[in-house]
Amino acid sequence: QVQLVESGGGLVQPGGSLRLSCAASGIIFSAYNMAWYRQAPGKQRELVAIITRGGSTDYLNSVKGRFTISRDNSKNTAYLQMNSLKPEDTAVYYCKGSYNQNNYWGQGTQVTVSS
(Lines give C-alpha, C1' and ligand atoms only; values in the text may rest on other atoms or scores of the structure.)
Protein backbone atom coordinates (compact mmCIF):
# COMPACT_ATOMS: atom_id res chain seq x y z
CA GLN A 1 0.00 0.00 0.00
CA VAL A 2 1.47 3.32 -1.10
CA GLN A 3 1.36 6.20 1.35
CA LEU A 4 2.70 9.72 1.17
CA VAL A 5 2.28 11.58 4.44
CA GLU A 6 2.97 15.30 4.69
CA SER A 7 3.76 17.09 7.92
CA GLY A 8 5.19 20.38 9.13
CA GLY A 9 2.47 22.80 8.13
CA GLY A 10 1.05 25.43 10.44
CA LEU A 11 0.55 29.10 11.11
CA VAL A 12 3.54 31.39 10.67
CA GLN A 13 4.04 35.14 10.54
CA PRO A 14 5.17 36.84 7.33
CA GLY A 15 8.93 36.51 6.97
CA GLY A 16 8.95 33.28 8.93
CA SER A 17 10.02 29.77 7.95
CA LEU A 18 8.57 26.29 7.85
CA ARG A 19 9.92 22.93 6.75
CA LEU A 20 7.48 20.47 5.23
CA SER A 21 8.20 16.75 5.14
CA CYS A 22 6.75 14.04 2.93
CA ALA A 23 7.33 10.53 4.22
CA ALA A 24 6.79 7.80 1.65
CA SER A 25 6.10 4.10 2.09
CA GLY A 26 5.18 1.30 -0.26
CA ILE A 27 7.33 2.61 -3.11
CA ILE A 28 10.97 2.42 -4.16
CA PHE A 29 11.45 6.02 -3.13
CA SER A 30 14.81 6.54 -4.83
CA ALA A 31 13.25 5.78 -8.23
CA TYR A 32 10.60 8.45 -7.93
CA ASN A 33 10.60 12.09 -8.91
CA MET A 34 9.14 14.02 -5.99
CA ALA A 35 7.26 17.29 -6.16
CA TRP A 36 5.43 19.77 -3.97
CA TYR A 37 2.22 21.40 -5.15
CA ARG A 38 -0.04 23.88 -3.44
CA GLN A 39 -3.65 24.92 -3.75
CA ALA A 40 -5.04 28.14 -2.35
CA PRO A 41 -8.80 28.65 -1.84
CA GLY A 42 -10.51 29.33 -5.15
CA LYS A 43 -7.35 28.66 -7.15
CA GLN A 44 -6.00 25.78 -9.17
CA ARG A 45 -3.35 23.50 -7.79
CA GLU A 46 0.10 24.64 -8.89
CA LEU A 47 3.52 23.04 -8.99
CA VAL A 48 5.83 24.65 -6.45
CA ALA A 49 9.01 22.59 -6.68
CA ILE A 50 10.27 19.33 -8.09
CA ILE A 51 13.30 17.16 -7.44
CA THR A 52 14.14 14.35 -9.81
CA ARG A 53 15.46 10.98 -8.76
CA GLY A 54 18.83 12.25 -9.91
CA GLY A 55 18.62 15.31 -7.67
CA SER A 56 17.87 18.01 -10.25
CA THR A 57 15.50 20.69 -9.00
CA ASP A 58 13.18 23.30 -10.42
CA TYR A 59 10.90 25.89 -8.84
CA LEU A 60 7.89 28.08 -9.41
CA ASN A 61 9.25 31.53 -10.21
CA SER A 62 7.54 33.17 -7.25
CA VAL A 63 9.32 30.91 -4.74
CA LYS A 64 12.81 30.85 -6.28
CA GLY A 65 15.39 31.94 -3.75
CA ARG A 66 13.00 31.37 -0.85
CA PHE A 67 12.08 27.68 -1.03
CA THR A 68 14.39 24.69 -1.25
CA ILE A 69 13.32 21.15 -2.13
CA SER A 70 15.46 18.23 -1.04
CA ARG A 71 15.26 14.50 -0.48
CA ASP A 72 16.79 11.90 1.78
CA ASN A 73 16.54 8.52 0.09
CA SER A 74 17.77 6.75 3.23
CA LYS A 75 14.68 8.06 5.04
CA ASN A 76 12.25 7.83 2.10
CA THR A 77 11.44 11.47 2.73
CA ALA A 78 11.21 14.63 0.67
CA TYR A 79 11.38 18.11 2.19
CA LEU A 80 10.39 21.63 1.34
CA GLN A 81 12.22 24.33 3.28
CA MET A 82 10.24 27.55 3.04
CA ASN A 83 11.85 30.82 4.11
CA SER A 84 10.73 34.43 3.91
CA LEU A 85 7.13 33.32 3.77
CA LYS A 86 4.52 35.69 2.40
CA PRO A 87 0.73 35.77 2.89
CA GLU A 88 0.35 34.69 -0.73
CA ASP A 89 2.10 31.42 0.14
CA THR A 90 -0.95 30.44 2.17
CA ALA A 91 -2.33 27.18 0.76
CA VAL A 92 -2.67 23.47 1.29
CA TYR A 93 0.62 21.90 0.28
CA TYR A 94 0.67 18.45 -1.29
CA CYS A 95 3.53 16.13 -2.15
CA LYS A 96 3.46 13.93 -5.21
CA GLY A 97 5.60 11.00 -6.22
CA SER A 98 5.92 10.09 -9.89
CA TYR A 99 7.49 7.15 -11.69
CA ASN A 100 6.56 6.35 -15.27
CA GLN A 101 2.74 6.26 -15.33
CA ASN A 102 2.44 5.99 -11.55
CA ASN A 103 1.51 9.11 -9.60
CA TYR A 104 0.79 9.19 -5.89
CA TRP A 105 -0.41 12.08 -3.76
CA GLY A 106 -0.35 12.85 -0.09
CA GLN A 107 -3.33 14.19 1.83
CA GLY A 108 -1.95 17.72 2.14
CA THR A 109 -0.84 19.99 4.95
CA GLN A 110 -2.12 23.50 5.59
CA VAL A 111 0.30 26.42 5.56
CA THR A 112 -1.08 29.76 6.72
CA VAL A 113 1.04 32.91 6.61
CA SER A 114 -0.58 35.67 8.60
CA SER A 115 0.18 38.24 11.26
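Values computed for the structure shown
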item	result
DSSP loop trypsin sites (Lys or Arg not before Pro) with at most 14 other Cβ within 10 Å: longest gap in the chain	1-42
Straight-distance crosslink candidates among lysines, where the alpha carbon sits under 25 Å from Lys75 and sequence neighbours closer than 8 are dropped	Lys96
Aspartates and glutamates whose Cα lies under 19 Å from that of Lys86, excluding same-chain neighbours fewer than 8 positions away	Glu46
Alpha carbon centroid spacing (whole Å) that separates region 90-112 from region 28-58	7 Å
Per residue, in Å², the accessible surface of region 37-115 once ligands and nucleic acids are set aside, probe 1.4 Å	56 Å²
Rounded percent of accessible protein surface that carbon and sulfur make up, region 27-115, 1.4 Å probe	43 percent
Compactness of the chain, expressed as Rg and Dmax over alpha-carbon positions, Å	13.3, 42
Label point distance in nm, Gln1-Trp105, each placed 7 Å from Cα along Cα→Cβ	2.0 nm
Charge dipole (debye, nearest 20) of the chain; +1 at Cβ of Lys and Arg, -1 at Cβ of Asp and Glu	80 debye
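The values are calculated or read from the model by the stated rules, or taken from the named source; none is laboratory data. The structure presented is a predicted model; accordingly, all values stated were derived computationally and were not measured. Please note: Cβ atoms are built from the backbone with ideal geometry, for glycine as well, and neighbour counts cover all protein chains shown. Just the protein is used for accessible areas: all its heavy atoms, side chains included, with ligands, DNA and RNA removed. Shrake-Rupley method; radii C 1.70, N 1.55, O 1.52, S 1.80 Å.
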